[in-house]
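Report on the structure given below.
The values are calculated or read from the model by the stated rules, or taken from the named source; none is laboratory data. This structure is a prediction, so every number in the text was calculated from the model and none was measured. So basically every Cβ, Gly included, is an ideal-geometry build from the backbone, and we count neighbours across all protein chains shown.
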């Protein structure tokens with residue numbers, strides 16, 4: 001079984017970029033769990049699967065594959081490469097409605113564990129919003145990356161095209177508010193190390209995370 005490095009945090013905290021670079025330097029796999037929620041939202045938007053609403057929803061018809069290679073990242077669903085499509089504003093706007101369904105979260109928890117178990121890697125850096133508390137509460141290293149709201153929005157703005165900036169604040173803050181009703185990813189649970197990246201640049205953030213990992217492993 002691969003060693004899990006569990007990393008949670010809100011959008012713009014540096015969670016994804018830092019997790020990917022940490023995985024690279026450790027020679028570990030990288031698993032973006034948020035991509036699965038976005039892929040399901042894409043599948044719903046494209047009419048490939050029905051919108052999940054029931055407590056006992058069955059997701060056997062959801063076709064999903066993701067790369068765990070930090071240097072060759074891709075996401076596919078129903079034979080379509082949706083690596084870029086799942087980042088479109090229309091998907092970002094609908095993902096919280098999908099992610100808030102309890103049956104979806106249960107399915108995603110098991111999917112994440114299965115992907116790690118089948119990876120045949122020495123370790124996997126798994127990042128999301130409930131990894132430290134729900135998916136892998138027994139992981140040997142659990143971290144929460146955070147940053148001030150101003151800095152988080154500033155960082156997300158750099159990732160978007162000018163025409164997307166008008167909806168940025170609404171999307172980020174509304175998704176944080178919606179998701180936080182399901183799982184608290186804004187403050188660390190007991191035993192979870194906090195890394196505040198507000199005043200750290202990218203390299204400093206990576207080093208802060210690596211320092212904790214090396215100390216705990």
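Within segment 92-104, restricting attention to residues that are in a helix (DSSP H, G or I) and touching a helix residue (DSSP H, G or I) at 6+ places or on another chain (Cβ under 7 Å), the residue that is nearest to residue 2 (Cα to Cα) is 104. Out of 48, 76, one residue alone is assigned to a loop (DSSP other than H, G, I, E, B) and touching a strand residue (DSSP E or B) at 6+ places or on another chain (Cβ under 8 Å). It is 48.
Would you pick out the residues in segment 1-16 that are modelled with pLDDT under 95 and either part of a helix (DSSP H, G or I) or within 19 Å of residue 120 (Cβ to Cβ) (or both)? Within segment 1-16, 1, 2, 15, 16 qualify.
Every condition in (1) free of Cβ contacts under 8 Å to residues at least 60 places away in the same chain; (2) in contact with a strand residue (DSSP E or B) (Cβ under 6 Å, 6 or more places away or on another chain) holds for residue 125 except the one numbered (1). Report, by residue number, each residue of segment 23-45 that is outside any strand (DSSP E or B), under 13 Å from residue 68 (Cα atoms), in contact (Cβ under 8 Å) with a residue 60 or more places away in the chain and more than 11 Å from the chain's Cα centre (by Cα). Result: 23, 27, 28. Residue count for segment 176-207, restricted to those that are modelled with pLDDT of 65 or more, closer than 18 Å to residue 151 by Cα and either surrounded by 15 or more Cβ atoms within 10 Å (Cβ to Cβ) or in contact with a helix residue (DSSP H, G or I) (Cβ under 8 Å, 6 or more places away or on another chain) (or both): 10. Restricting attention to segment 95-119, the residues being within 24 Å of residue 21 (Cα to Cα) and without any contact (Cβ under 8 Å) to a residue 24 or more places away in the chain number 3.
Among the numbered conditions (1) touching a strand residue (DSSP E or B) at 6+ places or on another chain (Cβ under 7 Å); (2) within 30 Å of residue 207 (Cβ to Cβ); (3) surrounded by 14 or more Cβ atoms within 10 Å (Cβ to Cβ), the only one that residue 63 does not meet is (2).
Annotation: of all residues in segment 148-166 being surrounded by 14 or more Cβ atoms within 10 Å (Cβ to Cβ) and not in a helix (DSSP H, G or I), the one that is modelled with the highest pLDDT is 148.
Residue pairs whose Cβ atoms lie under 8 Å apart, separated by 6 or more positions or on different chains, with the first residue in segment 69-94 and in contact (Cβ under 8 Å) with a residue 60 or more places away in the chain and the second loosely packed, with under 15 Cβ neighbours inside 10 Å, are 89/167; 93/167.
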